[in-house]
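These notes concern the structure reproduced below.
The values are calculated or read from the model by the stated rules, or taken from the named source; none is laboratory data. This one's a predicted model, so the numbers in the text were calculated from it and none came from an experiment. As a convention, Cβ positions derive from the backbone with ideal geometry for all residues, glycine included, and neighbour counts pool all protein chains shown. Heavy atoms of the whole protein, side chains included, go into the accessibility calculation; ligands, DNA and RNA do not. Shrake-Rupley method; radii C 1.70, N 1.55, O 1.52, S 1.80 Å.
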Amino acid sequence: GENVEQHPSTLSVQEGDSAVIKCTYSDSASNYFPWYKQELGKRPQLIIDIRSNVGEKKDQRIAVTLNKTAKHFSLHITETQPEDSAVYFCAAVRTDKLIFGTGTRLQVFP
Amino acid sequence: ETGVTQTPRHLVMGMTNKKSLKCEQHLGHNAMYWYKQSAKKPLELMFVYSLEERVENNSVPSRFSPECPNSSHLFLHLHTLQPEDSALYLCASSQDRARGGYTFGSGTRLTVV
């Protein structure tokens, strides 16, 4: 089955800096890779996703890159703001199952 | 509200109690899921329902019993739970199983005493 590893588990950055979170997956048949943001006490919310036929996708300050050969994908947040502080989960979907990474706690200090 | 509603938000139950968690989605989705979120662990998929039919049971103990009476409602019946079952239980739905784009409910914070 699919296994998703996520690093780092915690990340602290200064406001305005960039943050990068990396995930690797094991099943080459996985074809959809969403990223979720979960603020304290709230539900996970989809912030960006990428499909296997695309190498990069950007939405304002957030971007995701996918390297199918190496089976890894990354979330990039530029010009970080305190409201970006949350736990971020990557996930990989193969056919019908969404498998999550272990999460990264991002703290953005003013 | 995102269209997926879970009740109750918080639940404290004894190990001999029987309770149920409820999930309702108003998005017209065809697939619904139960996930368990424990501290320092990834979100664990428990059950998958597609068009009201259970299509996956990820080795979940029988003390958790799901029910999907229609495509809009999903229940998780709980009985004789253990303290280690304390966690946040999240319901999610998607248009279909293959497309992703899951929408999560706010979860039920369950404490077993």
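Key figures
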| item | result |
| --- | --- |
| Positive-end extreme of charge dipole, the stretch A:4-110 - chosen from A:Val87, A:Leu66, A:Leu40 (charges on Cβ) | A:Leu66 |
| The stretch B:50-107: trypsin sites (Lys or Arg not before Pro) in DSSP coil with no more than 10 other Cβ atoms inside 10 Å | none |
| Point-to-point label distance, A:Asp59-A:Phe109, nm (Cα→Cβ direction, 7 Å offset) | 3.0 |
| Distance between modelled label sites at A:Asn31 and B:His10, nm, 7 Å Cα→Cβ extension | 4.4 |
| Under Karplus coefficients 6.51, -1.76 and 1.60, residue-wise ³J(HN,Hα) of the stretch B:19-34 in Hz, glycine/proline x | 9, 9, 9, 10, 9, 9, 10, 10, 9, x, 6, 9, 10, 9, 9, 10 |
| Note, ³J(HN,Hα) from phi for the stretch A:32-39, Karplus 6.51, -1.76, 1.60, rounded to Hz, x at Gly and Pro | 8, 9, x, 10, 10, 10, 10, 7 |
| √(5λ) per eigenvalue of the Cα gyration tensor, chain B, largest first, Å | 22, 14, 13 |
| In the B-A interface, the accessible area buried, summed over both sides, Å² (probe 1.4 Å) | 1700 |
| For chain B, share of DSSP beta bridges that run antiparallel, in % to the nearest 5 | 90 |
| DSSP-defined antiparallel bridges as percent of all bridges, chain A, nearest 5 | 90 |
| Carbon/sulfur fraction of accessible area - the protein assembly as shown, other protein chains in place, 1.4 Å, % | 47 |
| Residues of type aspartates and glutamates that A:Lys68 reaches as a straight line, Cα spacing below 17 Å, ignoring anything fewer than 8 places off in the same chain | A:Glu2, A:Glu5, A:Asp27, A:Asp49, A:Glu56 |
| Of A:Lys42/B:Lys22; A:Lys37/B:Lys41; A:Lys22/B:Lys41; A:Lys97/B:Lys22; A:Lys42/B:Lys41; A:Lys22/A:Lys71, those spanning more than 20 Å from alpha-carbon to alpha-carbon | A:Lys97/B:Lys22 |
| For chain B, with +1 on Lys and Arg beta carbons and -1 on Asp and Glu, the positive-most of B:Ala39, B:His79, B:Gly28 along the dipole | B:Ala39 |
| Efficiency of FRET between A:Glu79 and B:Asn58 - r from beta-carbon atoms, R0 41 angstrom, step 0.05 | 0.55 |
| Contact order relative to length of the stretch B:6-52, as percent, for alpha carbon pairs under 8 angstrom and 6 or more apart | 30 |
| Average beta-carbon neighbours from other chains, 10 Å sphere, peptide A:41-54 | 3 |
| In Hz, Karplus ³J(HN,Hα) per residue of the stretch B:42-50 (6.51, -1.76, 1.60; θ = phi - 60°; x = Gly, Pro) | x, 4, 9, 6, 9, 9, 10, 10, 10 |
